[in-house]
1. With unit charges on the beta carbon (Lys/Arg positive, Asp/Glu negative), name the residue among A:Thr16, A:Ser93, A:Ile69 whose Cα is farthest towards the positive pole of the charge dipole of segment A:4-106.
2. Please compute the length gained on full extension between A:Val516 and A:Lys116, using 0.36 nm multiplied by the number of residues separating them and subtracting their Cα-Cα distance.
3. For A:Arg246, what is the net charge nearby, where nearby means another residue's Cβ is under 9 Å from its Cβ and Lys, Arg count +1, Asp, Glu -1?
4. Given all pairs of different Cα atoms, what value in angstroms does the Kirkwood hydrodynamic radius of segment A:114-169 take?
5. For segment A:4-106, what is the number of Lys pairs with C-alpha distance below 25 angstrom, counting only pairs 8 or more positions apart or on separate chains?
6. Starting from the 7 Å offset along Cα-to-Cβ, what nm value, one decimal, do you get for the label separation of A:Asn687 and A:Ser739?
7. Relative contact order of chain A, please, whole-number percent, based on alpha carbon pairs below 8 angstrom and at least 6 residues apart.
8. Quick check: from the Cα gyration tensor, does segment A:270-448 come out rounded (a/c under 1.5), prolate or oblate?
Amino acid sequence: MEQIAKVIVDVPTMQTNSPYSYLIPQEFLNQIQVGMRVIVSFGKGNRKVQGMVVGIDDDKSFDGKLKEIDSIMDLQPVLNTELLKLSGYLAESTFSFAITCIQTILPNALKVKYEKELVPATTINDADKAQIFGGQKRLLFESDQLTTQQLSRLLKLKKANQIKINYLVQDRAKAKTEIQIKRTPNVSFLREEFDSIRKGAVQQERLLNYLVSMGEKQVSQSDLIEAADVSSATIKSGEKKKWLTRSRVEVLRDPFKHEVTRTQPLKLQPDQQNAVDAISEKINHSEYSPFLLEGVTGSGKTEVYLQSMAQALSENKTALMLVPEISLTPQMVNRVKARFGHQVAVLHSGLSDGEKYDEWRRIERGDAKVVVGARSAVFAPLNNIGIIIMDEEHETSYKQDESPRYHARDVALWRGKYHGCPVVLGSATPSLETRARAEKGLVTRLLLPNRINHQSLPAVSVVDMKNEISQHKESNFSTELLDAIKLRIQRKEQIVLMLNRRGYSSFIMCRDCGFVLMCPNCDISLTLHMDTHSMKCHYCGHEEAIPKICPNCQSHKIRYYGTGTQKVETELKELLPDARVIRMDVDTTRRKGAHEKLLDEFGNHEGDILLGTQMIAKGLDFPNVTLVGVLNADTSLGIPDYHSSERTFQLLTQVSGRAGRAEKAGQVIIQTFNPDHYAIQLAKSQNYEQFFAYEMKIRHESNYPPYYYAVQITTNAATEAEAAKLMFKIAKQAREVLSDQAIVLGPTPQTIARIKKRYYYQLIIKYKKEPQLNELLTKVLKNSQKLGRNAAKVSINPNPVSFM
DNA sequence: AGCACGCCGACT
DNA sequence: GTCGGCGTGCTC
């Protein structure tokens, strides 16, 4: 008799990170399945928590007395076998709690809300009852809303059993419903009814008229209200008079309100055809196979994706396509929808939890066979996947920077293996890691060396800003760039200007004493935000007024430094008063849909210059853009991280691809203080292969990935000493276990040593093969939990995307 | 996480 | 003497 369920409870700690056994009560005996969410009593207070059933058996090895499962939250499993296994893989490979991984895989709407309510016991005296409950039957218990006196009083009453606490688990997964109206089939009855309504009942008259003419189809109540111009009250009375029937129906939000025009597959170039053939063969044979699709901007990668996905669909399989969040623009999404229509589900951060849940269910029940989405879409509940595509595979945003710190590429490869399907990693500038794996034959390389209509790559020139600065006053614009901009405006062509702002933004500094306004909680300077007229901290959200005089020396010469887009925009307006500038940065795109709106404006030539940060480098295609300017190529080079050259090269190559995509020739001007740096020189010649060879040599010499694996361990504590002490202890443990081949960097304070009033220390371990390491790290994590709540905390980040 | 148990300071 | 501070350990 299988009557014991193994449940992972929703308590994310190390001590509760394994399944707990619960008895399955009689009434659920044949209903509970693995992958369902349940509610169980947990702990001494029997508080209710959500749990995930991960196994069912009759193993009674637990020698305490078992509790029963309280209730089931799902009618059918929300996690299938594959995704459950995947959660295990995630937990193990990222050193995360099983429950955290499960909740990462499931849509947010399936995460419950916990509430507590107070209920008076029958024995409570009237005075207490009246004072606490004030006539109400129950009271929501929010401890942070109560004073300590109130709290202790409640606790006392609870101890005396005068008050009961009810634990509530609220499921937020509500399917959206709407009211559907169907008229009575008896039309002659409706005609007769005209006579029976009161004179002047215009709404009822309009409703009758509409019902008579509407036919037998069902309409939603909201549509009816609009179309017949009646109120919902009128409709309700229509129901009473038997003119119509109302019923509540579950609806799946239709993302295809505005149908896109369908497109047909394009004729492929020979290189594209080779790629599609190679991928299709693996689809047809249900064979796991990782590919690297390497092609410059405009070489037609997207068409290869689309036709490969079409192949999977024709084999009655499904397709998963991942793109960086930033390029999940309507431009991109529409290309997929135009090919596959209503079979496409799109998952992106713009959707509400409810909308995401709707899409998730469409995928799960098989209504959507093609999924397009950003990082977390890699967990889409598709069955029978025929192909997984990851566009711009080098993008670092594919790695999640909170627990579970997974890389979507690893998950994609895992799922590819599980389903037996090709995984296509596409990029113009592949990550060294993937490109190196291709070199070793672990990944099959597919090349698209030519641009589709044989346009030449844009001409790239590099301007040495050191000369510029010495010649004239400080400016963000070199003479060469400014002249080029003027020329395009004259010719009514468009310009994209990129401000490479990674790591920097405008901060305030006193010109007399050098004082920089810092965040009181974090070791970072506050950033100037002109839109809200305030100084903000990008890490903890602290906000304060812009100082008018220096808080340190009272000087009035306190000015902002660094180059923000706002400052550049101001300078542009001074230099070129007639140019229309569209600024795109975190401030102007914060509102939902603002991003698209600005791009549309630029596309309609309502602006001459698109000025923005990194976000304009990706996936935009504006044929009228003939000039791309990079104002400061160096800022990303200056970051003390082994990735900085790779990032800079990728960024410059990518933004250069924005110039001259149509018949007009493009030009790119890169301003830099390091004109001779190889990343900039090789971006100038757009030579990925040479960059790859050179950078690999450097990584080899200095023992960096992809020659070594890396793991980053960080500690944080309320004081610097505590964080450091724990980190040194871990470092000592690590050195004892590791072989001579491993390289330990640190411990060192993190680049931003203090965030939200906590101090951070880190340790990097570079290694090739350390069978003991995983065990050690797990032990370190377990020990850190024993240290108690207020002690220093440890977190582990395998294969970090940067060492900072 | 949240609850109970248990051991020390400052109060009716 | 007790009330209540929060450090510690456990939850099927």
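1. A:Thr16
2. On the way: separation 400, 0.36 × 400 = 144.00 nm, distance 4.63 nm.
Result for the pair: 139.4 nm of gain on full extension.
3. Charge balance near A:Arg246 sits at +2.
4. Values: mean 1/r = 0.0875 Å⁻¹.
Answer for segment A:114-169: a Kirkwood hydrodynamic radius of 11.4 Å.
5. Lysine pairs meeting the criterion: 13.
6. About 3.7 nm, to one decimal.
7. Worked out over chain A, it gives 10 percent.
8. rounded
A short reminder: the numbers here are calculations on the coordinates, not readings from a lab. Note that the coordinates shown come from a computational prediction; the quantities given were computed from them, not determined experimentally. Quick reminder, even Gly has a Cβ in these numbers, built from the backbone with ideal geometry, and neighbours come from all protein chains shown.
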